[in-house]
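First up is the structure itself, then whatever we jot down about it.
The values are calculated or read from the model by the stated rules, or taken from the named source; none is laboratory data. Values in this document were obtained by computation on a predicted structure and should not be read as measured data. Cβ: placed from backbone, ideal geometry, glycine included. Neighbour counts: every protein chain shown. To get the accessible areas, we keep the full protein, side chains included, count just its heavy atoms, and leave off ligands, DNA and RNA. Shrake-Rupley method; radii C 1.70, N 1.55, O 1.52, S 1.80 Å.
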Amino acid sequence: MVTGWAYLAQPSTGHAVRKGDFELSPDTSAIPIEEIHSGGPPKDGIPSIDKPVFLTPDKSSQQDQDRILGLMWNGVAKAYPINIMNWHEIVNDQFGKEPVVITYCPLCGSGVAFEAQVGDETLQFGVSGLLYNSDVLLYDRKTESLWSQLLSRAVTGKMKGTRLKVLPLMVTTWAEWKQLYPETVVLSRDTGHFRDYDRDPYAGYETSQGIYFPVSKKDPRYHPKEQVLGLEINGQFKAYPLAELSLTKGKLKDEFAGQVLRIEYNPASQSARFYDLEGTELAVIRTFWFAWYAFHPETAVYKP
């Protein structure tokens, strides 16, 4: 989202309210409409990638230290460079025959992958231009319902309350991902749009204290942009800050919500993966501390 745009908070009146390119009604919204703000660009002003092109590692210009979102699903490994995702935020993709949407919110540092199949419907998503708790609101092109990335569900419209299945997306370096999955492909810069993918439109944001848009709750225990791995089990939430994981030896166990977890943290790439005792990888959401706390103020926090 572009910074420096003003917003007007509009109190709920029971009547439909115009927010950007969407007309929202309190009767069909699961979140307060006055807490939905325009990020600046209009609907699809940040264009999703709907026909992604992929390259093999030897054809890619990605550097080893570049950060990527990596997903291994249905036997297919794909990498999505953050320097591309910064400009597009959504990739509508497929893993085998399964539709998957890859999402990234630069304001929250949050990468989340979802199954895009809901019942018999295959959903395609776009960038709404709206934010809730400074986090991107997606919209589906069939019903134009708004979906909260960090709540993983629709918050307005006909789909309100529908949840998307979160997939185990990994945030790491291109070097580590290639080492883990030599057969991977990587998203090409041939996106159909002209963008300077070598330029970070959010340069300096990740280290600053500033949050550009309102959030409902804040907590000063960590720097607002501290990276955390957020985990949900049976409606309970826990944050694993990298500042705490960095104090461990890298391989650890934790108990949460009645489950024993095995965690592997790589300090070199600042990446982490979570598994249950059966070895099944668990989906965690990597995001900034301020964002995780705004959505989950009841969260537990891991301490080694």
Carbon and sulfur atoms: what percent of the 1.4 Å accessible area of segment 17-187 do they account for? 47 percent
For PHE213, what accessible surface area do you get with a 1.4 Å probe? Give it in Å², rounded to 10. 10 Å²
Tell me the Rg and the Dmax, in Å, that the Cα atoms of segment 134-226 produce. 17.5, 43
How large a share of the accessible area of segment 227-301, in percent, is made up of carbon and sulfur atoms when the probe is 1.4 Å and the other protein chains stay in place? 46 percent
Per-selection metrics, segment 30-179 (Cα): Rg and Dmax in Å: 15.1, 49
Reachable aspartates and glutamates from LYS251, Cα under 13 Å, same-chain residues fewer than 8 places away excluded? GLU264
Non-local amide H neighbours of LEU130 (under 5 Å, H modeled in plane, Pro and chain starts lacking H): which ones? GLY39, LEU137
Over 31 Å between C-alpha atoms is what I'm after, so list which of LYS19/LYS78; LYS178/LYS249; LYS43/LYS165 land there. LYS19/LYS78
As a test of reading the structure, rank ASP64, ASP219, ASP27 by solvent-accessible area (1.4 Å probe, protein chains only), most first. ASP27, ASP64, ASP219
Charge context of SER152, other residues only, Cβ under 12 angstrom, K/R +1, D/E -1: 0
State in Å² the accessible area per residue of the chain; use a 1.4 Å probe, count heavy atoms of protein chains only, and round to the nearest integer. 44 Å²
For LYS217 and GLU98, calculate 0.36 nm times their separation in residues minus their Cα-Cα distance, and state this gained length in nm to one decimal. 39.2 nm
Between GLY204, GLY157, GLY109, which gets the highest mean-square fluctuation from a Gaussian network model of the chain, Cα cutoff 10 Å? GLY204
Segment 155-296, Rg to Rh (Cα coordinates; Rh as Kirkwood inverse mean 1/r): 0.98
So how far apart, in nm, are the two label points at GLU35 and LYS253 if each is 7 Å from Cα heading toward Cβ? 3.8 nm
